[in-house]
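Structure record follows, encoded as structure tokens.
The values are calculated or read from the model by the stated rules, or taken from the named source; none is laboratory data. A quick note: this is a predicted structure, and the numbers were derived from the prediction, not measured. With ideal geometry, Cβ positions are generated from the backbone for all residues, glycine too; neighbour counts draw on all protein chains shown. Note: areas computed on protein heavy atoms with side chains; ligands, DNA, RNA excluded. Shrake-Rupley method; radii C 1.70, N 1.55, O 1.52, S 1.80 Å.
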Amino acid sequence: MVALSVLLDVFLPVLPSGVLVITAATAAAAGTAADVPDVLALTLCAATASVLGDLVAYRLAWRGGARLDRAISRSRRLTTAQAHLGTALARGGGALVVLARFAPAGRSVVSLGAGAAHRRARDFLPWSALAGLTWATYSVALGYFGAHLLGTSWLATAVSVGALFGAGAGAAYLMRREPRTS
């Protein structure tokens, strides 16, 4: 369930994949002394699903052709985002890919934008893998340590989800800032 949600949230950003990962980590923390393998498996599952989702979106956008280009050109925000992404990836700015994984719908814009702009997979996929692993580790850690600090309750899950949303808001703020000119 977690893997499917993470895989598909690149296309449907409203899916609660982060909440599911945190809830599963909280449940793993409530388990026996063998919860570390559960947490590692959950982290690997979420990271792998994230990268696979990015890859599917990237390849679909790559093959999207003129129809996708027309759809993007109708939106000033998407056109601007695609231009910023292209510039950032061309300058080796893969940190944008990692940051976008935490921002609401950022993953979608970056994965689809990289594919639509025909960026090389070797410029995009390593950053996508780092983004997926970073996000999965952060989300699992929130649920796991939240449960150990606050107990395996709805309060622990709520505080952890709040921290995830806080990270998303911070990432969205950083992505929307105008780049400094030198």
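For segment 137-145, does any single residue satisfy the condition of being at pLDDT 70 or above and touching a Gly at 6+ places or on another chain (Cβ under 6 Å)? Yes, segment 137-145 contains a residue that is at pLDDT 70 or above and touching a Gly at 6+ places or on another chain (Cβ under 6 Å).
Pairing each residue of segment 48-64 that is within 10 Å of residue 10 (Cβ to Cβ) with any residue that is surrounded by fewer than 16 Cβ atoms within 10 Å (Cβ to Cβ), provided the two are 6+ apart or on different chains, yields C-beta distances under 7 Å for 53/8; 57/11. Return the only residue of 136, 141, 121 being buried (at least 16 other Cβ atoms within 10 Å of the Cβ) and either over 9 Å from the mean Cα position of the chain (by Cα) or over 22 Å from residue 170 (Cβ atoms) (or both). Just a single option satisfies the conditions, and that option is 141. When segment 18-40 is examined, which residues are found to be at pLDDT 85 or above and open to solvent by less than 10 Å² (accessible area, probe 1.4 Å)? 21, 25, listed by residue number.
Filtered by the rule that a residue be out of contact with any helix residue (DSSP H, G or I) (no Cβ under 6 Å at 6 or more places or on another chain) and either open to solvent by less than 50 Å² (accessible area, probe 1.4 Å) or at pLDDT below 90 (or both), segment 41-63 gives 60, 63. In the set (1) part of a helix (DSSP H, G or I); (2) modelled with pLDDT under 80, the condition left unmet by residue 98 is number (2).
Among the residues making up segment 1-16, a single one is at pLDDT below 85 and either in contact with a Pro (Cβ under 8 Å, 6 or more places away or on another chain) or in a helix (DSSP H, G or I) (or both): 13.
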